[in-house]
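Right, one structure below, let's go through it.
No value in this document is a laboratory result; all are computed from the given coordinates. This one's a predicted model, so the numbers in the text were calculated from it and none came from an experiment. Here the Cβ positions follow ideal geometry from the backbone for every residue, glycine too, while neighbour counts run over all protein chains shown.
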Amino acid sequence: MSNYHIKDLEEYYQVYRKSVNDPEAFWEEIAEEHFLWRKKWDNVLSWDFKKPEVKWFEGAKLNITENCIDRHLSARGDKVAILFEPNNPKEGVEKITYTDLYHRVNKFANVLKSKGIKKGDRVCIYLPMIPELAISLLACARIGAIHSVVFAGFSSIALATRINDSNCKMVITSDGSYRGKKTIDLKSIVDEALEDCECVESVLVAKRINSEITLKDGRDEWLQPLLNQASDQLTATVMDAEDPLFILYTSGSTGMPKGMVHTTAGYMVYTAHTFKNVFQYRENDIYWCTADIGWITGHSYIVYGPLANGATTVMFEGVPSYPDYGRFWEIVEKHKITQFYTAPTAIRALAKEGVEYVEKYDLSSLKVLGTVGEPINEEAWHWYDDNVGRKKAPIVDTWWQTETGGIMITPIPYCTPTKPTFATLPFIGIQPALMDEEGKEIKGNQANGRLCIKFPWPSIARTIWGNHQRYKDTYFSTFENMYFTGDGALRDEVGYYRITGRVDDVIIVSGHNLGTAPIEDAVNEHPAVAESAIVGFPHDVKGNALYGYVTLKETGEGRNQENLRKEINQIITEQIGPIAKLNKIQFTDGLPKTRSGKIMRRILRKIASKDTSNMGDTSTLLNPECVKDIMDNVL
Ligand code: WTA
């Protein structure tokens, strides 16, 4: 790819103005110059946020894997594409070159074809962070199958919900996974899930932990023998620009998870372009993003963005605390990592363990540090800057979402002066707006409001799988003609943005988005529970943690509260996964409600956060007396 780096702030503003004055011309130029098309587009963009409908590069034909693999073969065939760092450092790394990747993706895609997977079919991928995960995404994309990756920490019920929602025909999994000292039995989670999934015809199982598993006759097969027999040649299926590339589920404030649908061309153009600029990527860099490919960060900035640039991308299977808290830094030193991209929760967890673990290692290769997933607090920002970047590697605080596909607000390193806790400026082509409660745009700097985006960008999710109405209601109905992010933000005197957090009932715990409603549903399944309300409260490592207020039925009264707490968290673990467990559970006789019967979460949030100044008027509540009782017994 030729050089399209932004060099300084002046150039940023210049390019930014160009990008918003004529977005079509701007994105067309990037698409023309940097990608491999089987056929060019007839129309750069058509859009209508009222419907809503967005189409980029309509009429174009391509395959994203030809852009991520094939076109690099002549110049970079022997270059490492994926550098796999296993959970156990003693196991040794695996280096997959672009040529290897080409062969392995072709073989995998041939196996998918032989199992009857066709263009448009949905394939669920439930794998740990092993090379097969990245390869399976690319294999699906190669033949036009739509991948739906489910993070391998979700429970069997959560997995089944997602498989059924998009009617997946196949599941790709492994016998198990490693997580530090632990192993997790993934295959039996899949087996349990599939008891409720009639749509799944076949299951491919990668071998990772050599555990004893059962293969269901006629449904399950080991992956490796199939790969051994498959041809390493396959011509990629030609896709339309707007053909779906993948579905990825994200939690909403209510009900079912939302299967966000991303399409091919726009997603490719935007993730590649942001990768190159936000990380100031250069040819011989070794880039490492610590996210899991089960989340959007892994899709866009471990797999598609880096590979579209012909980069070396590191895949790490383990956890930051194993064998000890120096693991991240040991890897940085060993591979001479140049860009390191992680989450605030990981930074806070490591900062707690002390600087000895960082100081031991030579981190001088680092040029850019990134953070994503939740607001980064000032203390964590400085710890990262002082101890990891050693004040030489700028921090890019990147704000974006599963729905946006790629990074939206971010500094450009060595160009945008950083400011702790500020994601700073919109990326080229992105037009943010802050809205007030009345639905009017707040113009000018020094503003505080709800964050929206005014104009489409190439990687905006096109719909929610099977539920376009919900897509419209969630993102395009709150403010007219705007995409609403669900986040609050403020803009400072120079126009920098700081994301203040969610304004809906989504709580970000350790960087994972959790909707309160599905967790409350799980809690309410406990036979002794009458009603529950869940809110977030500040936590020094997780960012937020979950606080549950629970009222019991008569049958639950007098029961041992510790046991009840354990049982409630057990149900949550089964229904959603351990990431949604409640940190604190307070049993109470009543929940504060409005006269129309709605639970007043605002009050509960304040109590859980131990911030009871300014509680507002509680006298209009249906049951004001319960507020004092809850406050007196807060945990
Ligand atoms: C939050 C992750 C503050 C935000 C890529 C958003 C952030 C949600 C930042 C999306 C950031 C993400 N600063 N908050 N730099 N990045 N968020 O879908 O609330 O897992 O709406 O996508 O994370 O989370 P998701």
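Some observations on this one:
- Size of charge dipole - the stretch 219-361 - debye, nearest 20, with Cβ of Lys, Arg +1 and Asp, Glu -1, no other charges: 360
- P(r) tail fraction, the stretch 506-632 - alpha-carbon pairs more than 18 Å apart, %: 51
- Whole-angstrom gap from the stretch 335-395 to the stretch 481-549, using each part's C-alpha centre: 25
- Span from the the stretch 245-259 Cα centroid across to the the stretch 44-66 one, whole angstrom: 21
- Checking every one of the trypsin sites (Lys or Arg not before Pro) in the stretch 194-264 against DSSP loop status and a limit of 16 other Cβ atoms within 10 Å picks out K207, K216, R219.
- Taking Cβ atoms as reference points and 9 Å as the exclusive limit, the residues near P86 contribute a net charge of -3, counting Lys and Arg as +1 and Asp and Glu as -1.
- Of the residues I607, V541, P518, the one whose Cα sits farthest towards the positive end of the charge dipole of the stretch 506-632 is V541 (charges of +1 on Lys and Arg Cβ, -1 on Asp and Glu Cβ, taken about the Cα centre).
- With the gyration tensor restricted to C-alpha atoms of the stretch 217-376, the semi-axes of the equivalent ellipsoid amount to 31, 20, 20 Å, longest first.
- Proximal charge balance of E28 [Cβ under 15 Å; K/R count +1, D/E count -1]: -3
- By the equivalent-ellipsoid construction on the alpha carbon gyration tensor, the stretch 158-223 comes out with semi-axes of 21, 14, 9 Å, ordered largest to smallest.
- Spin-label model distance (nm) - K51 vs L36, 7 Å beyond Cα toward Cβ: 3.2
- Taking a straight Cα-Cα cut-off under 17 Å and skipping sequence neighbours fewer than 8 places away in the same chain, the lysines within cross-link reach of K51 are K454, K472.
- For the stretch 498-578, the spread of Cα positions along each principal axis, largest first, Å: 48, 21, 20
- Close Lys-Lys pairs in the stretch 98-230, where close means Cα under 14 Å and separation is 8 or more or interchain: 7
- Segment V93-S477, length gained on full extension (0.36 nm per residue, minus Cα span): 133.4 nm
- Within the stretch 506-632, percent of DSSP bridges classed antiparallel, to nearest 5: 80
- Dividing the Cα radius of gyration of the stretch 98-230 by its Kirkwood radius returns 0.93 for Rg/Rh.
- 34 Å tail of the calculated P(r), the chain, as % of Cα pairs: 43
- In the stretch 1-124, the inverse of the mean reciprocal separation of distinct Cα atoms equals 18.3 Å; this is its Kirkwood hydrodynamic radius.
- Based on alpha-carbon atoms, the Kirkwood radius and the radius of gyration of the stretch 8-78 give Rg/Rh equal to 1.08.
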